[in-house]
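Structure, as structure tokens:
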Number of protein chains: 2
Amino acid sequence: MNIKRCVSFVVVVVCSVVVAAQEPAPTPKLNLMPVPASIKFHRDRLAVDANFKVATRGHSDARLQAGIFRFMKRLEGRTVLTLAPGFAPDDQMTQLIVQTQGPGQNIPSVSEDESYRIDITSRQALLSAPTVVGALRGLETLLQLLDADRNGYFFPGVQIDDKPRFPWRGLLIDVARHFHTMEVLKRNLDAMAAVKLNVLHWHLTEDQGFRVESKKFPKLHQLGSDGNYYRQEQIKEIIAYARERGIRVVPEFDIPGHSTSWLVGHPELGSAPGPYTIERRPGIFEPALDPTREDVYKFLDTFLGEMAALFQDDYLHIGGDENEGKQWDRNPKIQEYMKQKGIKDNHALQAYFNTRLLKILQKHKKKMIGWDEILQPELPKDVVIHSWRGTAALAEAAKKGYDGILSNGYYIDLIQPASQHYVPDPLPANSTLTPEEAKHVLGGEATMWAEWVTPETIDSRIWPRTAAIAERLWSPREVTDVDDMYRRLAVISLQLEELGLTHKKNQDMMLRRLVRSDDFGPLKTLVSVIEPVKEYRRYQQRPQNMLSPLTGVVDAATPDAEGARKFSWMVKEFLNDGPRYQLYRPELSQMLAEWQSAGASLGPIIDRSPSLKEIKPHAHNLSQLGDVGLEAVSYLKLGMPPPRDWRETSLAKVEEAAKPYGALEFVVISSVKQLVNAAAEVKR
Amino acid sequence: MNIKRCVSFVVVVVCSVVVAAQEPAPTPKLNLMPVPASIKFHRDRLAVDANFKVATRGHSDARLQAGIFRFMKRLEGRTVLTLAPGFAPDDQMTQLIVQTQGPGQNIPSVSEDESYRIDITSRQALLSAPTVVGALRGLETLLQLLDADRNGYFFPGVQIDDKPRFPWRGLLIDVARHFHTMEVLKRNLDAMAAVKLNVLHWHLTEDQGFRVESKKFPKLHQLGSDGNYYRQEQIKEIIAYARERGIRVVPEFDIPGHSTSWLVGHPELGSAPGPYTIERRPGIFEPALDPTREDVYKFLDTFLGEMAALFQDDYLHIGGDENEGKQWDRNPKIQEYMKQKGIKDNHALQAYFNTRLLKILQKHKKKMIGWDEILQPELPKDVVIHSWRGTAALAEAAKKGYDGILSNGYYIDLIQPASQHYVPDPLPANSTLTPEEAKHVLGGEATMWAEWVTPETIDSRIWPRTAAIAERLWSPREVTDVDDMYRRLAVISLQLEELGLTHKKNQDMMLRRLVRSDDFGPLKTLVSVIEPVKEYRRYQQRPQNMLSPLTGVVDAATPDAEGARKFSWMVKEFLNDGPRYQLYRPELSQMLAEWQSAGASLGPIIDRSPSLKEIKPHAHNLSQLGDVGLEAVSYLKLGMPPPRDWRETSLAKVEEAAKPYGALEFVVISSVKQLVNAAAEVKR
């Protein structure tokens, strides 16, 4: 990382606009995400036309060639150019040279070299990398560099030196609460590669489902999955697919808690006699493996041995979180065992369990990773701590000599804005770790817990926000400009669609289904300014179970609602423009008028679609917000003080609109309040 | 089929609106597609709320239960209701009873009984069928019956007796010119089931690709497919998936022509020495199997034996079309063989080949089906003729005692409107066949030839138009109201999205990619009134090959462009409203004004997106059409004659706009002309 180089990112871009006045203007701002470690600009540009060809130099192998093939197909898809298939000779007539020193690791690991360098002149682009994975990372950067103007498509003249800040940059996908198809996994692996994430953390087992075929213990998947599990052959297919993209696959088998689905087929492993059924509710449940029985360890030895052979990665995640030990407390045999062995409490019992587990994993040549809770004094140092608690816990572990990764702050299931996930840094500027200790902080993972996502909606919960987290984990610490992040995020979000991601297109589809018509404009207007309630409030306000349809308005709505962000930004600019109040006034008025009319139009739509009844109050309030906002804009524009009680009645309407319904809430409340308060301050 | 009952369909609907005045009004028009053989209405309605349950009566099996499970999931998806999982007891408290007599055929065949009956009262819906497939058909009808008003979701009170007019109702998917993924096939099988199609004709081999794994001759798929083929296990998965939905899978191995991809790995089968490479162009090519060599038949015996075991269906399609015999003409050994055997020409040689092939198929217990060309005097009667030539050819074959199916008129790759595909009837009203002969007409198939479709676009070429063909093949002959077909088609098209079909949602995605922005409104306006050129003109006007990107405007545009259909209809109504000229005037004016402004806005958009350059003239012409149309509307509204040369200059502009660019053409030309001509006739 080089701070100066990073800062120059913004500065030099502006320069390039100036210097290139005589030439076809290069793009004023690049849309790279994550921002590379270092970038320099020059005036050249490399044209991309039907003659565009690629050659390899140095090492070449099937993985690299497949990566270049995908690159060329995506380039063709965007440009609608038919490019010559195959590879060109490595000469001056070839526009792109991919120079790779060697294959890199056969099985990607945390020590893989992912660095690359790009040098683009008007005649040739040279992508060079020590490994195939580095070259793949560079190809993604190239696709983000592609730009166009009336002269055609081109790569801007840049020199990029890039490598990741952290070696562990993951996305956890929970396929247990809701099962996610091979297609979901594949397209998300494509998207991960596009933003340079390198670990798929595959959360495979939960109270609500056991999702992997076990040939040793087939009752696990047969009775624990409703038939929704991955065959071992499919697991291999995903691992291979990920490897092709330089992505590791770390499986998680969450024990001793979170294990109801295991016990459906194997009640003998539980700490209570059973019988057990697959859990359908969200939450934390009591079933836990019995850590006092030798046959449980024998079972785990066999099962984890099978899984260790199936999954190639060095690491295996054993979960270990949220076991409250209630079954243990109630089991006299377990209590007796603890007394005998001098195990003083459930924490110590779980530590004992983990120690046994660690030996099993070591036997099968796997490193253990688990959630915060597994950190116990007696734990050996080659265990990795996965922190949902935060950077402090991570630093504490690092000081003790444990490797760790951060997920606190990256819980994308909580429906928070990208700006919020963009802040947490596994190794913040104020870190007190020594450089040696800091090396233990390996990176982080976004966590897609799947209580409320299906294959239809999961992409919209992961993307585009996870790209912001990917940037935090790849780019220099100093890359923190939120506005620029959102600007680039919008571009990247569009590009993700070419990989089959459905985060954008499925919303309209869901709105059409709800409205039972192509005329869903008013509902779309509403959805552009409301969001699902945050954190864990959805279930509290609108209980459903794991078998419920996730096809409501709350499912169609997304975090970072576009209209609301735009509105808030315009309000800020408009108010800053006082006392003139001209800037964005027409746009604001138009938007507010649209709310008025959409709110009114929604009435008859809701009457035809009972599934929309739950948002009826929002429809009314949308109109109200439009009314109040337009009035405020008028007073400000005219410089006319509103009537005496206007502020109070208006704010009452806004407060009324702030109430959640259908687990959805307006996210323009504070901006409308700002308008009202500003208008109320107008003096004659 | 019962003509009177069918006619009553429309009449009784109107009655039901009248009689139900005191009750919550039932839906005035049903959205069933295909229209059932018989339907009666009564005043009841069956509420669908969170208490909705289903029970089976009589026979039950895994296939039925899975079908009911899917039904319930779709019902939940639309209503956002969480319904109780599993089956309820068969009593009066259960809202839906599915009564099935027996499993039907283990492997679906052309003689499967697909009939069913639905009887809905205010307390219960009874779906009864002799077979599981019949019950599945009825479940689809139920989902189409689902309606809603402010009182909630409900099934209207109807009694439906339904069965198909033809037993063979197919969709051919060509996976050879472009490969189509498992996902594409599965979602299209779902869609087929939704409109009661029952044959997937899987066009597996072509000059451009060999798409099935052969364990006997692995060079076929290894060298003939670019790696894009189905493993045998995947083939089985598709067959099982289809069977679950009461759909047969008929494989096609197109020989002796259309066989370049076979010869890449096995040049020894060809009529010229080779070597061969996979064909990348569209068209008809020379390579053909050598029908004079015994080892070719030995090869086919082994290969087709392998395939006959893999595919369960009674029929195997051998193609047989478009072999021009040029390789045969040039091969002295073949010429010599013909002389020796007294084979007078290439037709006779192909007949000889087919006769040999027939014996091989008979040995492997398959019935042969092939394209028109295979019909030769010496052909035995148990061969099925697949007619791309037309109903006359089909009738001729039937008179000779051959079974046949129709595809002429159902070539959905030709981008013609649904109204056009809706007309051809395998057994038209003027048929001269005797009832006995008519039985030979088994039905028909829509053909999705895949020169210009990818997984991204194929759905938009198949749907919704294929639903109109499905109706032609299922519903009584007298169901021919085009306006009502389009009305229902729009509803069904929406419903298909719940099955994952991408025909609607991918268009916006493609437009976003082309425009490189979310602001694709102007391009969408253009695309709503232009369509890809018809028949085989696309390639002539805009040559590409099989490896080219299909991501251009021509790929985003669809047949039956919505805006154009709406415009044409409004123009008709508006002109019929003369001399008043009020009806739809505001809507027409708004639409025309939108064309004006969209045309203007497209300029800068095209400048930023070189891939749009090819439609630049259309952007200009869109504005021109808007201008001319608005002028015409004005003259008509004011009753003011236009200037003397106005008609001529206006028609010249319209003619100019009629020119195709980018293999796209306006489909509002004749309507705008009508406006101009009407305006030009205005007398003072």
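Things to note:
- Dividing the convex hull volume of the alpha-carbon atoms in the stretch A:18-127 by its residue count gives 134 Å³ per residue.
- Scattering curve values for the stretch A:363-461, log₁₀ I(q)/I(0), Debye with Cα scatterers, q = 0.10, 0.15, 0.17, 0.20 Å⁻¹: -0.32, -0.65, -0.78, -0.96
- Rounded percent of accessible protein surface that carbon and sulfur make up, chain B, 1.4 Å probe: 54
- Rounded, prolate or oblate (a/c below 1.5 giving rounded, otherwise prolate when a/b exceeds b/c) for the stretch B:611-684 by Cα gyration tensor: prolate
- Of all chain B C-beta atoms, the nearest to the rotation axis linking B with A is recorded, alongside its rounded Å distance, as B:K505, 2.
- Measuring heavy-atom accessible area with a 1.4 angstrom probe and counting protein chains only, the residues of the stretch A:499-516 that give up at least 20 Å² relative to the chain alone are A:K504, A:K505, A:D508, A:M509, A:R512, A:R513, A:R516.
- Charge sum, other residues only, whose C-beta stays under 9 Å from A:A663's C-beta, Lys/Arg counted +1 and Asp/Glu -1: +1
- Distance (nanometres) between label positions extended 7 Å along Cα→Cβ at A:A438 and A:E336: 5.5
- Gyration tensor verdict on chain B (Cα atoms; rounded if a/c is under 1.5, prolate if a/b is larger than b/c, oblate otherwise): oblate
- The protein assembly as shown: C-alpha gyration tensor shape, a/c 1.5 cut-off, then a/b vs b/c: rounded
- Considering only A:L46, B:A446, A:A348, the residue lying farthest towards the positive end of the dipole of the protein assembly as shown is A:L46, judged by Cα position with unit charges set on Cβ.
- 10 Å Cβ neighbours from other chains, averaged over peptide A:606-614: 5
- Amide H contacts under 5 Å for B:A125, placed H, 5+ residues apart: B:L96, B:I97
- Alpha-carbon centroids, the stretch B:568-606 and the stretch A:483-512: separation in whole Å: 32
- Accessible area, probe 1.4 Å, largest first, for residues B:E648, B:E322, B:E213: B:E648, B:E322, B:E213
- Interface residues of the stretch A:42-86, defined as those with an accessible-area decrease of at least 10 Å² between the chain by itself and the complete set of protein chains (probe 1.4 Å), are A:K73, A:E76, A:G77, A:R78, A:V80, A:T82, A:P85.
- For the pair A and B, total buried accessible area rounded to nearest 100 Å², probe 1.4 Å: 3800
- Excluding ligands, DNA and RNA, the accessible surface per residue across chain B is 37 Å² with a 1.4 Å probe.
- Cross-linked pairs A:K572/A:K683; A:K339/A:K363; A:K186/A:K534; A:K381/A:K439: Cα-Cα separations exceed 23 Å for A:K339/A:K363; A:K186/A:K534.
- The residues neighbouring A:S611, those whose beta-carbon lies less than 14 Å from its own, together hold a net charge of +2 under the Lys/Arg +1, Asp/Glu -1 convention.
- Subtracting the Cα-Cα distance of A:K637 and A:L310 from 0.36 nm times their residue separation leaves 111.0 nm of extension gain.
- Remark: relative contact order (the stretch A:147-253) = 28 percent; criterion is Cα-Cα distance under 8 angstrom and separation of 6 or more residues.
- Under the criterion of Cα pairs below 8 Å and six or more residues apart, the relative contact order for the stretch B:234-367 equals 30 percent.
- Note on the protein assembly as shown: antiparallel DSSP beta bridges, both residues inside, total approximately 40 percent of the bridges counted.
- Calculated FRET efficiency for the pair B:N545/A:M93, C-beta based, R₀ 22 Å, to 0.05: 0.50
- Under the criterion of Cα pairs below 8 Å and six or more residues apart, the relative contact order for chain B equals 11 percent.
- Over all Cα atoms in the stretch A:305-392, the spread is summed up by Rg and Dmax: 14.2, 40 Å.
The values are calculated or read from the model by the stated rules, or taken from the named source; none is laboratory data. All values derive from a computational prediction rather than experimental measurement. Cβ atoms come from the backbone with ideal geometry, glycine included; neighbour counts cover every protein chain shown. To get the accessible areas, we keep the full protein, side chains included, count just its heavy atoms, and leave off ligands, DNA and RNA. Shrake-Rupley method; radii C 1.70, N 1.55, O 1.52, S 1.80 Å.
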